[in-house]
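Step one of this worksheet: look at the structure below.
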Amino acid sequence: MGRSAELQDPRVQYYRCLYWGIVFLILVPPLIWITMSAVDQSSIKFSLEDYYIAGVESNDGSNLNQSIIYFKHNLANDGEETGIYYDNLNLTFSYYTGEGIIVPVGNYTIPGFRQGVKAETDRKDFVVTAQGWQEISNMSVSSDVVVFRVDLATAVRFRHYITGIKSKRLRTMAWCKVEVDRITGKKKSNKAIQLKHMIERHPNCGWIIFAFIIFLLSVFVVPCLVFICFGVVFDYCMDN
């Protein structure tokens, strides 16, 4: 019997499919898990599209010790294989005094949501600050601009769009400075301002776990596969 006949033997084909099926089911999930743990954080992009602050007046026309910040925030996922689950996104609005001190004036929370592959999400709203615009502008050392700071804090999980496997929850922080015209209250730049961000990762023990899985395979699964292959060869020799 030639080699082509051996390969066409139903038992050989069956055990070959069984062998590679077991290898696939055992090795692919750990590889996907490691890939999810090492996902590129640059796939997430935060940007401030619009920013405008205005004073609040009472019914009699007098200025109150408050102001309103209008903002438009963009969140983009450039990943081609992973969706993103966001926890609540907590925004903190602050400004810099002439001495460089950061003074918080307001907070806002964007409810958590899921973002698909290659998707963008806009959030547009306003927040009432604890200080009036006139008071804030007077604290600035510059005669032209007031420098604000926007901080974002959340946690994200990445999800592989085919397998549905999710990564661990990773704390994420982002921030940017915004120069606001002292007269108009609008941000000076007409372009969107990209927020610098950092994803706090857990200690990466993925390779250790993967090595441990390979060790278990070598101790338990591989001998079974060798036994199966030996059985195929033995049956074939007995038939011939």
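The numbers here are math on the coordinates, done by the rules we state, and not lab data. All values reported here derive from a predicted model rather than from experimental measurement. Glycine gets a Cβ as well: all are built from the backbone with ideal geometry, and neighbour counts include every protein chain shown.
For the range 67-119, what ratio Rg/Rh do Cα atoms give with a Kirkwood hydrodynamic radius?
We get a ratio of 1.13 for the range 67-119.
At a 10 angstrom cut-off on C-beta neighbours, averaged per residue, how do the peptides 185-191, 130-136, 48-54 rank from highest to lowest?
48-54, 130-136, 185-191
Note the full-extension length gain between Ser42 and Ile162 as 0.36 nm times their separation in residues minus their Cα-Cα distance, in nm to one decimal.
41.1 nm is the gain from fully extending Ser42 to Ile162.
Pairwise over distinct Cα atoms, reciprocal of the mean inverse distance: report the Kirkwood radius of the range 41-200 in Å, one decimal place.
16.8 Å
Could you give the C-alpha radius of gyration of the range 47-139 expressed as a fraction of 2.2 N^0.38 Å, taking N as the number of residues it contains?
1.35
Return the tail of the calculated pair distribution for the range 120-163, meaning the percent of Cα-Cα pairs more than 14 Å apart.
Roughly 73 percent, rounded to a whole number.
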